[in-house]
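Each value in this text was obtained by applying a stated rule to the coordinates, not by laboratory testing. Every value quoted in this text rests on a predicted model; they were computed, and no experiment measured them. Positions of Cβ are generated from backbone atoms using ideal geometry, with glycine treated the same way; all protein chains shown enter the neighbour counts.
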Amino acid sequence: MIANIKALTFDTGGTILDWHHGISRAFATAGARRGLQADWPTITNAYRRRSLQAMLNAEHPTFTIDDVDAVVADHYRSAPGEYVPMRGKVADFLRRNAFPLSIDMFLHDSSHSYGHMLWEFRQFWPRLRDGGLLVSHDVQMNAAFPEFVAKTYAHDKKTGRRDAQRTSHYEWGRWGYIGFAIKKG
């Protein structure tokens, strides 16, 4: 079963391992206690670069964790069909029909603007198979996720109750900043 799963995910490393924000916030908090102000995100990037150099004894001072991500992606490319890293704009990939027509999961964690989130949900919902999972990060930032889920409901015009036959999801929910919907049909 797991061997047949196809998923589209975007920026999962930033969601699962949000080290940059955490380290930057820790630097800012420690600096504020001492009355210091600085460009903490830039300092965090320098810290990351130096740490990575120390860990890997890197020869290239511009080598960052993003480069590590690319190396990991190269490793997974050796398993055909298992993992296909794609860098670029989602709209460009859609125009070229570069995505599979049927997927098991879509994880949104790219631009969190209302318009972009709603656009991605609408683009990838039709590609999800029956039982497929749409997951979105940062659903608290705007109304895109609840509005999208509301559109997957069908209601009986007389009673106003949900019409289970015409509703296009089995279930949906939200856990903290993560929203999910399980596709029906």
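When the Cα atoms of the stretch 94-185 are aligned to their principal axes, the ranges along those axes come out at 42, 29, 21 Å in descending order. Note on 171, 147: ascending count of other Cβ atoms within 10 Å places them as 171, 147, the fewest first. Check cross-link reach from residue 89 to the lysines: straight Cα distance under 20 Å, and skip same-chain residues fewer than eight apart. Candidates past the 8-residue exclusion: 6. Compared with the direct C-alpha span, the chain from residue 42 to residue 175 gains 44.7 nm at full extension, assuming 0.36 nm per residue.
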